[in-house]
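None of the figures in this text is laboratory data; all of them are computed from the coordinates on show. The structure displayed is predicted, hence computed values, not measured ones. A quick note on method: Cβ atoms are made from the backbone with ideal geometry, for glycine too, and the neighbour counts reach across all protein chains shown.
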Amino acid sequence: MKEIIQTKSKVKISSKKKTKWKTELWCWVFLLPTLVLFAMFQGWPIVASWYYATLDWSGLTPDSTFVGMDNFINVAKDPYFWNAFKNSFIFMLGTIPFHLFLALVLAVILHKPGLKAANLFRTFIFLPVVTTTSIVGIIMVFIWGSDGSINDTLVKIGFLDQSINWLGDAKWSMFTVILVSVWKNLGVNLIYWLAGLQSIPQELYEAADVDGATGFRKFFHITVPLLIPIGTIILLLNVVNSLKAFDLIKTMTNGGPFFATDVVSTYIYRYAFTSEMGLPQLGYASAAGLFFAVTIVIIAVIQAVVTNRIKGGRNI
Amino acid sequence: MKNFRRTIFYIVMTAFCFVWIYPFLWMVSASFKSQNEFFENGLSLIPDNFTFENILRAWNEANFEQYFVNSVVITVGTMLIVFFTTSTCGYVLGRYNFKGKKSVYLLLIASMFVPMEFAIIPIYDLIKTMGLMNTRLGVILAESGGNHIIFILLFATFFSKIPKELEEAAIMDGSGFFRTFISVMLPLSKPVIGSVMIMQFIWSWNSFLLPLILTLNAPEARPLSVGLYALRGENIVDWTGIAAGGTIAIIPIIVIFLSLQRYFVEGIAGSVKG
């Protein structure tokens with residue numbers, strides 16, 4: 001009798017092992033499509049970029065020469081690269097305050113349980129987010145143009161004596177691109193902040209009401225501290241996204257006038273895919289891309305580490 | 001007093017929203033104006049005489065019919081592939097424990113911080129080597145290969161919350177791993193599928209850099225986002241035509257967004273909460 005039970009349980013174990021093994025296999029089958037695409041379009045490009053960056057190669061013919069670190073050295077020596085590098089950061093620093101503060105203020109205004117029209121307003125503010133950036137950029141060329149609505153309105157209300165060449169004047173072009181980018185992306189940050197506000201328990205505010213706290217104090221002592229975790233994520237997303245910006249700048253100014261809005265992504269595009277600089281230089285463009293990608297990754301890592309430190313310090 | 005303040009608030013917000021969407025109002029209005037009217041009165045928002053001439057010109061002569069079809073093909077193709085890959089991946093990551101699961105998670109999440117825009121040259125070269133340059137399939141593949149960790153996490157979180165009993169019942173009924181996924185799990189995840197599909201729709205429809213470099217010499221494969229850019233490069237003064245092209249490109253996405261925005265907003269909000 002005992003023996004029978006033992007063999008029975010043995011059979012059970014081995015069949016369990018078999019199904020477990022089978023399940024693991026299925027898991028990898030299910031992962032396979034993602035992993036294959038990942039390897040082709042993310043893994044390989046990251047590895048290959050380093051290789052391409054060591055080549056002098058136009059991409060038009062298979063002929064290429066190995067030049068070692070020359071491309072990196074030339075990138076580091078090119079004042080236009082540093083101009084684009086600087087502009088990328090100006091663009092980032094110009095847009096982020098709006099996405100952090102203006103979007104938060106709007107979120108607080110629209111986060112009123114009794115406000116029926118809040119959803120409607122939210123939809124309007126969000127609308128530019130879902131539209132095609134490259135097309136918005138082209139339309140904005142007219143709106144901000146010399147005969148466009150912005151100049152027309154500002155002159156009519158007497159704010160300006162004569163129209164400003166917003167995109168053609170190197171003094172104003174970066175400012176204009178930043179404003180349009182803020183307009184385009186504010187809505188998504190509004191949604192992030194609203195998600196953060198909704199996660200704050202209502203009881204906290206009720207308790208504060210009992211203690212007689214004002215709206216101002218409630219905002220700075222309850223809302224702000226509780227929004228810091230989601231705020232750091234929003235900051236990180238905006239840092240990475242604004243440094244990657246391409247569509248809007250390409251279509252609004254193409255980096256001009258006189259490289260005033262030239263950012264690293266338009267700089268790379270110019271070297272890799274146009275004949276503006278002579279033959280395309282894929283190796284050189286790869287080196288510039290890597291240089292900047294590494295910069296972004298370093299910033300992201302530093303930010304993640306700093307946030308973790310701050311959070312860790314809090315818990316203690 | 002309270003009513004008064006509320007009225008002021010509504011007036012201010014309404015004015016703000018009007019200014020906010022003004023560029024779209026201008027674009028749509030300009031695309032229905034005759035060229036003469038546009039030069040005389042380009043800024044008014046209501047055309048004196050509605051004309052479909054610009055829309056027809058863009059559609060028939062400026063190749064926008066082809067661009068529109070390409071946008072649809074590229075978007076639908078990418079949506080299907082991305083739905084397939086992210087739902088399967090999210091399912092096993094959310095529901096099963098297996099060796100190497102942590103590494104897969106780590107790999108996918110780490111790649112979120114790598115700006116692929118700067119590694120675009122190998123992608124360009126890969127598509128070229130595969131012989132897919134200047135084809136819609138090339139654009140579809142390259143876009144499907146982008147980072148979709150948000151979708152994977154949405155699916156993983158959803159599937160991890162489904163009670164085990166459901167699955168056990170399905171297995172009792174004799175359905176295997178694949179059947180359980182297709183006929184039991186996937187139908188339950190409709191809300192996530194909705195969010196993923198509409199987000200991917202909007203991203204693919206709007207994407208610019210990849211189709212731009214992958215269809216550099218091929219107007220016949222370009223989507224709308226690249227087509228309008230090319231039109232403007234060739235014809236800088238035809239603003240009513242450009243506005244008409246913009247209207248053709250943007251109105252579908254606005255309509256889809258307005259009708260399905262709940263899914264979209266929930267998906268976006270979920271991505272930062274998680």
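Listed values, structure above:
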{"item": "Label-point gap, in nm, between B:SER34 and A:LEU25 - each point 7 angstrom along Cα→Cβ", "result": "7.4"}
{"item": "DSSP H segments from chain A that extend 20 Å or more along their own axis, Cα-based, with Kyte-Doolittle mean of -0.5 or above", "result": "A:2-38, A:79-97, A:173-198, A:224-244, A:282-315"}
{"item": "Cα→Cβ-extended label distance, 7 Å offset, between A:SER64 and B:ALA110, nm", "result": "2.4"}
{"item": "Karplus (6.51, -1.76, 1.60) ³J(HN,Hα), θ = phi - 60°, over the range B:155-170, in Hz, Gly and Pro reported as x", "result": "5, 4, 4, 5, 5, 5, 8, 6, x, 4, 4, 4, 5, 4, 4, 5"}
{"item": "With Cα atoms, 0 to 90° folded angle of helix B:64-95 axis to chain B main axis", "result": "20"}
{"item": "Helix B:2-31 axis, angle to chain B major axis (alpha carbon atoms, nearest 10°)", "result": "80"}
{"item": "Positive dipole terminus of the protein assembly as shown, leading residue within B:VAL226, B:VAL192, B:PHE39 (C-beta point charges)", "result": "B:VAL192"}
{"item": "Distance violations [Cα-Cα > 18 Å] among A:LYS244/B:LYS102; A:LYS156/A:LYS184; A:LYS184/A:LYS250; B:LYS99/B:LYS161; A:LYS20/B:LYS190", "result": "A:LYS244/B:LYS102; A:LYS156/A:LYS184; B:LYS99/B:LYS161; A:LYS20/B:LYS190"}
{"item": "Taking A:LYS171, B:LYS164, B:LYS101 and counting other C-beta atoms within 10 Å, the order from fewest to most", "result": "B:LYS164, A:LYS171, B:LYS101"}
{"item": "Positive-end residue of A:PHE291, A:THR266, A:LEU110, charge dipole of the protein assembly as shown with Cβ unit charges", "result": "A:LEU110"}
{"item": "Chain A shape via C-alpha gyration tensor axes, a/c threshold 1.5", "result": "oblate"}
{"item": "Cβ charges +1 (Lys, Arg) and -1 (Asp, Glu), total dipole of the range B:128-257, debye", "result": "120"}
{"item": "Cα lying deepest toward the dipole's positive end in chain A, options A:LEU55, A:LEU32, A:ILE249, charges on Cβ", "result": "A:LEU32"}
{"item": "19 Å Cα-Cα reach of A:LYS22 towards aspartates and glutamates, excluding residues that sit fewer than 8 places from it in its own chain", "result": "B:GLU167, B:GLU168, B:ASP173"}
{"item": "Mean ellipticity per residue at 222 nm, deg cm²/dmol - from DSSP H runs of n ≥ 4 across chain B, formula -39500 (n - 2.57)", "result": "-22500 deg cm²/dmol"}
{"item": "For the range B:62-273: rounded, prolate or oblate by the Cα gyration tensor [a/c cutoff 1.5]", "result": "prolate"}
{"item": "Extension reserve of the B:ILE251-B:THR51 stretch, reckoned as 0.36 nm per residue once the Cα distance is removed", "result": "70.3 nm"}
{"item": "Helix B:224-234 axis, angle to chain B major axis (alpha carbon atoms, nearest 10°)", "result": "30"}
